[in-house]
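A short worksheet on the structure shown next.
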Ligand code: SF4
């Protein structure tokens, strides 16, 4: 009998492949890759059971740099291919790496369906609000007016909010993080991994070449604190350098209001407490943007339900069912 | 072949008969056809069917474009087609007569429901004069029955609404036709009892209608033109039989392919006419250990199957021409990543949405060539409904042995038609079990088997074999991304050589009827098998030197095909397209093969093949 030895402890290096990383120097993708390589050993992941599936775009090169199983597929289709992988072998830990163009433009349809079906995969959407690999055209998340080679007069498209899209598609786990903020990104990845069902994570990723600083309002290390809020289930929705701001529901409306604690008689106990199981609240948080509101980060929504692959595989193979039995089943007759 | 029937006798002895049931698409015509086919199969006949129905689910009642028809050719002899001309035409309304009258054989029997030949319906069908006053009907044996009234009389005591009562018209007619050909009502009665088990009054009404139709034949004074036909008792090979449609056979064949390869079957599919029946069939088989996934679109359907293949399963996707067009990019990925996959194309009339419910063979070029890049893959094709079983197995074998997507071509006629099938001894099928690579020593994902050139297949979950693949070009020696010029040449050559090498692994092309060289070869593929075979048989009976060659392997073509074709003075290629196999054979062999082409949405008639062969022989 074989002795099963306890698996050896792994570290970040064990998750790095031998391939030279080829993103532009300074690209936010590097930070995400590092955080992923550090986080996986911490959650007990095994390279042999981990699969990264990606589409096409800068972010989709990600699987090549991981020493796990990986499939760099075609533009927009990673959710469909990953669904096939997960349905075929539910034991595998499947991550989808996509971008704003890959996941919300050409692949928007598949994104919608992998989320609403609740296939137990983690979707990481690297949002840089630009097409990087094709050299800088505007994307479905680009801000209106963005001048690019394909929008020389400024983009006239109305952008989509990835998290609002995911919530609208009935995703049961929706979270946000910033590429270079290692700790919060790592903890969001851990939560996404732990969630049984489709987990959607939007990562604000800086494209230094084609859309540099597009998120700096709220990601800047010095000034960002006043413009970002880290939401946490069961704790009041406050933020700011001194935690001086808070959110509440504007009386008589269904709107959020930004208040300053200590001003106008507002105390900390008046502040709205985050309930990550409340889809309406998550939708309002996802919609917040500057300059009037902070950008919400962390787990906006988490409300687990039956993972799709469990439902698909609910009927086990019945004993005695095989081709021979099938051929002789139903209406047959004998000629003798 | 149909022997002439005479109108004098009250019973006719035949060795095969063609019946065409026609009526409004709401009349339950397909059901009558199917149930008749089942009864006659149980009787021991050979048969071939051709369901011919409109694309609209419920076209306006009484219109010509709402006509649904079901043709069946049956008898004790070997039946290979659904028949050129019906011996018996059942027309349940004027529109059905209008659409189908021309097809009726001269001297054939026409049964009409006078109850449905109201002024309104006659006008709706677009007749200017009463259709029964047409001189052309003088030469047919016309049976006029008020089936509407006879049905209502039969079911009146059950207490159904008029609408519900009228729904039994088709079953009344079936009862009469079963009497005409001396076939048992039992299987129909059993079916009615199970199908409507929860609605006893519907069971009662349908049974009454069935028996009343039958009794009408038995008791009615002769002279109404009604007569019974006696077919010789057939003597089929001994064994266990069942009827099977092409869609069922394909579904079962795919499942058999999974069992023989020792893999789990994963179907990723999206509804499309006429391929959905395969999806429906496999959807009923989840307790056979099949994973079924109805995807959000055609692209997701094939992509999920590719994901399944990557995870180590037998990935399958089923569709029809327009759907396969959408899958094209993903097929290229499977070629590049060298993953096994079976893509079933149940062809229909094109281009674009085309004729969804009509059969055509116009996706051959799409299958062989229709991708970006130099992207070769094997293409196989089924010729009869039962053949879909074996061809699906062959597709699975090639896919897993050569690590390649394989396209299996069927068409709407094959998918929907049924035939009696002697159930094969499954133990006689050679298994082709897949072994996923487990050994880390010396591994890289594009390591090739020196003989088949297939890359080794390692699946996620295997320690030590973690690897990355994708649609970018790979280095021949490591599987890593490579943009190297010489390497791309080498990999392109390797993909070609792998697929071309399949020639050595497929049977030599045989001549299914006739000599291996001579004056004329008729070369076909797919559902035209029956018409070509019967045609060639007739020609040979007249002493003409004609042979029938039917291809299963469309790409790569069998090794000996070129020499074989060169052995004939002339080669003609009948196809339900504008000449696609013709072009392929000319390009491959520089042979002046000639096309015989038809794209009317209808199958070839035997007579058309005979005529084309005569012409070729004369010129
Ligand atoms: S183009 Fe932008 S997103 Fe792409 S690698 Fe360069 S910096 Fe990163």
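The rows are residues; the columns are (1) more than 14 Å from chain A (Cβ to nearest Cβ); (2) modelled with pLDDT of 95 or more; (3) out of contact with any helix residue (DSSP H, G or I) (no Cβ under 6 Å at 6 or more places or on another chain).
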| site | (1), (2), (3) |
| --- | --- |
| B:473 | no, yes, no |
| B:479 | no, yes, yes |
| B:512 | yes, yes, yes |
| B:517 | yes, yes, yes |
| B:521 | yes, yes, yes |
| B:526 | yes, yes, yes |
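Evaluation of residue A:44 against the conditions (1) surrounded by fewer than 24 Cβ atoms within 10 Å (Cβ to Cβ); (2) facing chain B (nearest Cβ under 8 Å) shows that the sole unmet condition is (2).
For residues in the stretch A:15-32 being closer than 28 Å to residue A:136 by Cβ and surrounded by fewer than 16 Cβ atoms within 10 Å (Cβ to Cβ), which is nearest to the ligand (Cβ to nearest atom)? Filtering the stretch A:15-32 for residues that are closer than 28 Å to residue A:136 by Cβ and surrounded by fewer than 16 Cβ atoms within 10 Å (Cβ to Cβ), the one nearest to the ligand (Cβ to nearest atom) comes out as A:24. The residue list A:70, A:101, A:44 contains one member that is within 15 Å of the ligand (Cβ to nearest atom) and either in contact with a strand residue (DSSP E or B) (Cβ under 6 Å, 6 or more places away or on another chain) or farther than 26 Å from residue B:329 by Cα (or both), which is A:101. All of (1) over 16 Å from the mean Cα position of the chain (by Cα); (2) part of a helix (DSSP H, G or I); (3) within 16 Å of the ligand (Cβ to nearest atom) hold for residue A:85 with one exception: (3).
Yes or no, residue by residue, for (1) within 16 Å of the ligand (Cβ to nearest atom); (2) within 14 Å of chain B (Cβ to nearest Cβ); (3) within 20 Å of residue A:230 (Cβ to Cβ):
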site	(1), (2), (3)
A:130	yes, no, no
A:133	yes, yes, no
A:138	yes, no, no
A:149	yes, no, no
A:155	no, no, no
A:161	no, no, yes
A:172	no, no, no
A:178	yes, no, yes
A:183	no, no, yes
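Filtered by the rule that a residue be under 24 Å from residue A:308 (Cβ atoms) and assigned to a helix (DSSP H, G or I), the stretch A:159-185 gives A:162, A:163, A:164, A:165, A:166, A:167, A:168.
Set side by side, the residues A:212, A:220 differ, and just one is surrounded by fewer than 22 Cβ atoms within 10 Å (Cβ to Cβ) and within 16 Å of the ligand (Cβ to nearest atom), which is A:212. One residue stands out among those in the stretch B:261-290 that are facing chain A (nearest Cβ under 8 Å) and in a helix (DSSP H, G or I): the one that is surrounded by the most Cβ atoms within 10 Å (Cβ to Cβ), which is B:288.
Under the condition of being touching a strand residue (DSSP E or B) at 6+ places or on another chain (Cβ under 6 Å) and not assigned by TED's automatic domain parsing to the domain that holds residue A:115, the residues counted in the stretch A:286-321 number 0. Answer with yes or no whether residue A:197 is away from the ligand (no atom under 16 Å from the Cβ), assigned to a loop (DSSP other than H, G, I, E, B) and surrounded by 15 or more Cβ atoms within 10 Å (Cβ to Cβ). When the stated conditions are applied, residue A:197 passes them.
Kindly indicate whether residue B:52 is within 22 Å of residue A:332 (Cα to Cα) and surrounded by 19 or more Cβ atoms within 10 Å (Cβ to Cβ). Spelling it out, it is not the case that residue B:52 is within 22 Å of residue A:332 (Cα to Cα) and surrounded by 19 or more Cβ atoms within 10 Å (Cβ to Cβ). Does at least one position in the stretch A:50-67 carry a residue that is within 12 Å of chain B (Cβ to nearest Cβ), assigned to a helix (DSSP H, G or I) and out of contact with any strand residue (DSSP E or B) (no Cβ under 9 Å at 6 or more places or on another chain)? Scanning the stretch A:50-67 turns up no residue that is within 12 Å of chain B (Cβ to nearest Cβ), assigned to a helix (DSSP H, G or I) and out of contact with any strand residue (DSSP E or B) (no Cβ under 9 Å at 6 or more places or on another chain). For residue A:35, indicate whether it is assigned by TED's automatic domain parsing to the domain that holds residue A:159, assigned to a helix (DSSP H, G or I), within 20 Å of residue A:128 (Cα to Cα) and within 16 Å of the ligand (Cβ to nearest atom). The answer is yes for residue A:35. No other residue among B:454, B:486 is touching a strand residue (DSSP E or B) at 6+ places or on another chain (Cβ under 8 Å) and either over 15 Å from residue B:334 (Cα atoms) or in contact (Cβ under 8 Å) with a residue 40 or more places away in the chain (or both) apart from B:454.
Among strands (runs of 3 or more DSSP E) lying entirely in the stretch B:59-119, which contain 1 or more residues that are modelled with pLDDT of 90 or more and more than 15 Å from residue B:140 (Cβ to Cβ)?
B:67-75, B:109-113
The residue pairs whose first member lies in the stretch A:14-35 and is farther than 15 Å from residue A:177 by Cβ, whose second member is away from the ligand (no atom under 15 Å from the Cβ) and part of a loop (DSSP other than H, G, I, E, B), and whose beta carbons are closer than 7 Å, counting only pairs six or more residues apart or on different chains, are A:14/A:67; A:15/A:67; A:15/A:68; A:16/A:67; A:17/A:67; A:19/B:480.
Every condition in (1) on the phi < 0 side of the Ramachandran plot; (2) in contact with a strand residue (DSSP E or B) (Cβ under 7 Å, 6 or more places away or on another chain) holds for residue B:526 except the one numbered (1). Within the stretch B:291-322, being surrounded by 24 or more Cβ atoms within 10 Å (Cβ to Cβ), more than 7 Å from chain A (Cβ to nearest Cβ) and part of a helix (DSSP H, G or I) holds for B:298, B:301, B:302, B:309, B:321.
Any residue at all in the stretch A:229-242 that's touching a helix residue (DSSP H, G or I) at 6+ places or on another chain (Cβ under 7 Å) and within 22 Å of residue A:199 (Cα to Cα)? Yes, the stretch A:229-242 contains a residue that is touching a helix residue (DSSP H, G or I) at 6+ places or on another chain (Cβ under 7 Å) and within 22 Å of residue A:199 (Cα to Cα). When residue A:328 is tested against (1) under 31 Å from the mean Cα position of the chain (by Cα); (2) free of Cβ contacts under 8 Å to residues at least 60 places away in the same chain; (3) at the interface with another protein chain (Cβ under 8 Å from one of its Cβ atoms), just one condition goes unmet, and that condition is (1).
Considering (1) free of Cβ contacts under 8 Å to residues at least 40 places away in the same chain; (2) part of a loop (DSSP other than H, G, I, E, B); (3) crowded, with 18+ Cβ neighbours inside 10 Å, the lone condition that residue B:160 does not fulfil carries the number (1).
The values are calculated or read from the model by the stated rules, or taken from the named source; none is laboratory data. These numbers were taken from a predicted model, which means no experiment stands behind them. Cβ atoms come from the backbone with ideal geometry, glycine included; neighbour counts cover every protein chain shown.
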